[in-house]
Every structure is written in C-alpha cells, then in structure tokens.
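Peer 1: Please see the structure below; I have some questions.
The values are calculated or read from the model by the stated rules, or taken from the named source; none is laboratory data. Please read all numbers here as calculations on a predicted model, not as lab measurements. Glycine gets a Cβ as well: all are built from the backbone with ideal geometry, and neighbour counts include every protein chain shown. Heads up: the accessible areas ignore ligands, DNA and RNA and are worked out on the full protein's heavy atoms, side chains in. Shrake-Rupley method; radii C 1.70, N 1.55, O 1.52, S 1.80 Å.
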Amino acid sequence: MSRSFAIADTCFLIDWARYRGRDLLFKLYIVYVPESVLREVKSESTIAWIASKLASGDLALFTETESEVEEARSIMERSRRMPNTPAVDLPEAICIVAGRRRGYVVLTENRGALKFVELAEDYSGVIIHRSLEILLQLQLKRYLEPDCGDPALRFREYEEDTKHLFPRKDLLNAVATIRRELCGET
Amino acid sequence: MEAVEEDPRELRRRFADWGFIESLPPRLREALKYYIETGDMYVASRIAGLTIEEFNELRIRANIPNVA
C-alpha cells in the first residue's frame, strides 16, 4: 500500500521516539522532519532512531525555504489575533505551510494548529493527524493488533510511554470504534 | 483510563510534582510553571534555555502530563 507524505512537529516526533511501537508510524507515512525540528532533538536514543530512519528512507529531511518561513510567521501572527485560540509557534506553523503547499499530512498534537486550520478558510484543506487517530488507523488496518478484551490497551500503552494524556471524549470515541469495527460489538 | 475531559491546565496543575518544581533553579522552575499554565512546550523550552526534547524530559520528571 502506498504511504502518504507527512510532516511532523517536534513534540509529535519526540513522543513517538519514546513509544514502544514507534516504527509503526512508517506503515502509514513517509515523514518529513523540518530542520528546525531536528535541532530540538538532543538525546542519543532519539537521534539514533531518527538517523536510522533517515537512512532507511522512512524519514526525510525538510529544509524550510525563506518563503515558507515567511508564510509560517504570518500564520503565527494570525493565530494570535484569533480569539480563544492557542498561539501557533514557528515549528507547527512550518508544518501547516507544508501541509497547504505540498499536501503533506501534518502530524501534531498542538491545539493551536488544530484550531487554526479549523478557523482559517485558506488552510481548511490541511489535514492534521494526532497520535490518537494514528493509533486508531494502525489498529483498523491491523498493523497494530487490537486487544478486544481491553480495547483501550493500545492507547494506554502510548500514554504510559509518553506521559501524554488523550482527551477523554476523543479516546472513548476511538475505543468505541475499535469495539464496533474490530471486536464485533454493536 | 484517566479522566482527561476536564481543563488541561487543571490536570497539569493537579498532577505536577510541586516539591520538585520548587526545588529547581529559577529559569527551569518558571519555565515549568509557564508550561503548566499554557501547555506551550515550545515557548516553555525557550524560557528554560533547553531544546524541546530536553524540556520534555524535565516535564516528565516533574510529572506534568501533556494533555492534547
């Protein structure tokens, strides 16, 4: 199956670096890593993982152009003028620009980024995937075996490894999908 | 399964190891407090003078959940 191109922000990538099933990400995507994101990584284990995946072609380096950085700065400014919207910082803004210009799926947990593409009509075509949706897709496609005795297990493993808590409502919806689609429950 | 539908800021405040946070040097301490209030790891890492990955390790040591 052909994989989609995606681009990851820093928080997303360092969370996945800690996750026991981190290589499953590449069942779904070839992931671009902006240079600005690469600079944020320091630990030996994360650097080793990234380097090996750059070598295998599962990750690819994304070098931001001046024009892309300029557009990203505009996104940052616009997000700060949107009421009740968390500000978008430069790394996520770069990813949004790549999402709009190149059609890459944006991999981020950033609430500001999610809200921005929801509110900004000229960015409404940008697709954002969070880890929750990716873990769900991995199970639906059977790259990650669900546990029908404990359908929340795969999500909980991610939360334990990364100390990242999913919003309860979204998590319950995902677990309900696992029950319905994979475990034969109505 | 942890209930996380409440305000993320309240969750960060409640889970945080405040004894650990208050024991830190001012720059790291204030960066963690900023993160608890805003959830913005990028800016918090800049306040701390750390990379985002280094700040994330500090966040985990301070038992502050990343809620998103």
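Peer 1: Can you give me the angle between helix A:131-140 and the longest principal axis of chain A, using Cα atoms only, in degrees from 0 to 90, rounded to the nearest 10?
Peer 2: For A:131-140 against chain A, the angle is about 40 degrees.
Peer 1: Can you give the relative contact order of chain A as a percent, counting alpha carbon pairs under 8 Å and 6+ residues apart?
Peer 2: Computed value for chain A: 22 percent relative contact order.
Peer 1: Another question, if that's okay. Hey, could you grab the Kirkwood Rh for the protein assembly as shown? Inverse mean 1/r over distinct alpha carbon pairs, Å, one decimal.
Peer 2: When all Cα pairs of the protein assembly as shown are included, the Kirkwood radius is 18.8 Å.
Peer 1: Relative to the Cα centre, what is the charge dipole magnitude of chain B, using +1 at the beta carbon of each Lys and Arg, -1 at the beta carbon of each Asp and Glu, and rounding to the nearest 20 debye?
Peer 2: 280 debye
Peer 1: Can you check what the net charge comes to around residue A:41, using other residues whose Cβ is under 14 Å from the Cβ of residue A:41 (Lys, Arg +1; Asp, Glu -1)?
Peer 2: -3
Peer 1: Counting Lys +1, Arg +1, Asp -1, Glu -1, what net charge surrounds residue B:27 among other residues with beta carbon under 14 Å of its beta carbon?
Peer 2: Net charge around residue B:27: 0.
Peer 1: I've got another one for you. Cysteines of the protein assembly as shown lacking any other cysteine beta carbon under 4.7 Å?
Peer 2: A:11, A:95
Peer 1: Continuing with the same structure: Tell me, what are the semi-axes, in whole angstrom and largest first, of the equivalent ellipsoid of the range A:92-158 as set by the roots of 5 times the Cα gyration tensor eigenvalues?
Peer 2: Three semi-axes, in Å: 29, 12, 9.
Peer 1: Quick check on the protein assembly as shown: helices-only [θ] at 222 nm, where DSSP H runs of length 4 and up contribute -39,500 (n - 2.57) each and the sum goes over total residues. Nearest 500, please.
Peer 2: -17000 deg cm²/dmol
Peer 1: Grab the other residues whose beta carbon is less than 10 angstrom from that of residue A:139, score K and R as +1, D and E as -1, and report the net.
Peer 2: Net charge in that neighbourhood comes out at 0.
Peer 1: Efficiency by 1/(1 + (r/R0)^6): what FRET value for residue A:82 and residue B:43, r their Cβ-Cβ distance, R0 = 30 Å, to the nearest 0.05?
Peer 2: Computed FRET efficiency for residue A:82 and residue B:43: 0.95.
Peer 1: How far apart, in nanometres, would the label points at residue A:38 and residue A:3 be if each is projected 7 angstrom from Cα along the Cα-to-Cβ direction?
Peer 2: 1.7 nm
Peer 1: Could you tell me the largest-minus-smallest coordinate of the C-alpha atoms of the range A:5-96 on each of the three principal axes, in descending order and whole angstroms?
Peer 2: 40, 27, 26
Peer 1: Next question, about the same structure. With point charges of +1 on the Cβ of Lys and Arg and -1 on the Cβ of Asp and Glu, referenced to the Cα centre of the range A:110-169, which listed residue (A:126, A:153, A:116) lies farthest in the positive direction of the dipole?
Peer 2: In the range A:110-169, that residue is A:116.
Peer 1: Shifting gears a bit: Under the definition of Cα pairs under 8 Å and six or more residues apart, what whole-number percent is the relative contact order of chain B?
Peer 2: Worked out over chain B, it gives 41 percent.
Peer 1: Another question, if that's okay. Can you tell me the convex hull volume per residue for chain B, based on C-alpha atoms, in Å³ to the nearest whole number?
Peer 2: Output value, Cα hull per residue: 78 Å³.
Peer 1: Please tell me the relative contact order of the range A:1-92 in percent, rounded to the nearest whole number, where contacts are Cα pairs under 8 Å and at least six residues apart.
Peer 2: 28 percent
Peer 1: When the solvent-accessible surface of protein heavy atoms is calculated with a 1.4 angstrom probe, in what order do A:27, A:53 fall, highest first?
Peer 2: Reading off the accessible areas and sorting them downward yields A:27, A:53.
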